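This report refers to the structure that appears directly beneath it.
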Amino acid sequence: MSKLFVISGSSGVGKGTVIKEFLKKHPDFRLSVSCTTRGMRDGEVHGVNYFFLSREEFKLCVDNEEFLEWAEFSGNHYGTKKSFVKDCLKNGDNIILEIDTKGALNVKRLMPDAVLIFILPPSMEELEARLRGRHTETEEAIQKRLAAIKLEIENSKKFDHTIVNDTVENAVCELEKIMCNNQQ
Ligand code: 5GP
């Protein structure tokens, strides 16, 4: 039977890398492509990383109730299309949603069988050092991010599983234990 997994994690924790490595080994899992109103970053491709929508297009999808869940994060909108999830489940595919903790808890309310997994940094100190190491943000922006991260970690207490990303190999191995044992 196909299953829905939701993976969340603080920004800077490396969850994208962990999921990418997991998918290389498990092609029977599909990663959902969300819609967003944020600008495209270098190297990103429409339809691969996200469906990049204008605020008007996004609002139309909200009004037409096309989203399973949607949330605002750092001033941009992000949403998961109901049709994508429905099609995967109909095809018997396992799905991974990589979304924020608010979205994850909304999905759990709608689909109680969904398995929620949170990826933690090895420590807050290390995450803070990584954020500061980028030298791209003001002190105010860093403090805002750290506050958001603490809130995400607080929300993660309601998740089914947490994984510490100390090394990518260990985190992938932990993901495999959870995701491959959860299939009947
Ligand atoms: P980024 O802009 O760095 O790609 O993503 C910012 C945050 O939005 C991340 O925490 C990511 O997991 C979350 N996100 C991406 N897609 C969705 C979505 O469809 N719904 C929700 N609720 N969050 C999302």
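Note on the range 4-181: Cα-only Rg and Dmax are 16.1, 47 Å.
When the solvent-accessible area of the chain is split by element, carbon and sulfur atoms take up 52 percent of it, the probe being 1.4 Å. Looking at the range 4-181, the accessible area is 55 square angstrom per residue; that uses a 1.4 Å probe and ignores ligands, DNA and RNA. 3J(HN,Hα) couplings calculated from phi for the range 103-113 with the Karplus curve 6.51 cos²θ - 1.76 cosθ + 1.60 (θ = phi - 60°) are, in sequence order, x, 4, 5, 5, 4, 4, 5, 7, 10, x, 7 Hz; Gly and Pro show x.
For the pair residue 59 and residue 154 in one chain, pulling the backbone fully straight at 0.36 nm per residue adds 31.3 nm over the alpha carbon distance. Largest first, the residues 81, 102, 20 sort by 1.4 Å accessible area into 20, 102, 81.
With 31 Å as the limit on Cα-Cα distance, the pairs of 15/86; 3/59; 24/59; 59/177 that go past it are 24/59; 59/177.
For the chain, DSSP calls about 30 percent of its internal beta bridges antiparallel. Annotation: extensible slack from residue 25 through residue 168 equals 50.1 nm (criterion: 0.36 nm per residue apart, minus Cα-Cα distance). For the chain, the residue among 1, 162, 129 whose Cα projects farthest onto the positive side of the dipole built from Cβ charges is 1.
The values are calculated or read from the model by the stated rules, or taken from the named source; none is laboratory data. On a predicted model such as this, the values are computed, not experimentally measured, just so you know. Reconstructed Cβ throughout: ideal geometry from the backbone, glycine too, with neighbour counts over all protein chains shown. Heavy atoms of the whole protein, side chains included, go into the accessibility calculation; ligands, DNA and RNA do not. Shrake-Rupley method; radii C 1.70, N 1.55, O 1.52, S 1.80 Å.
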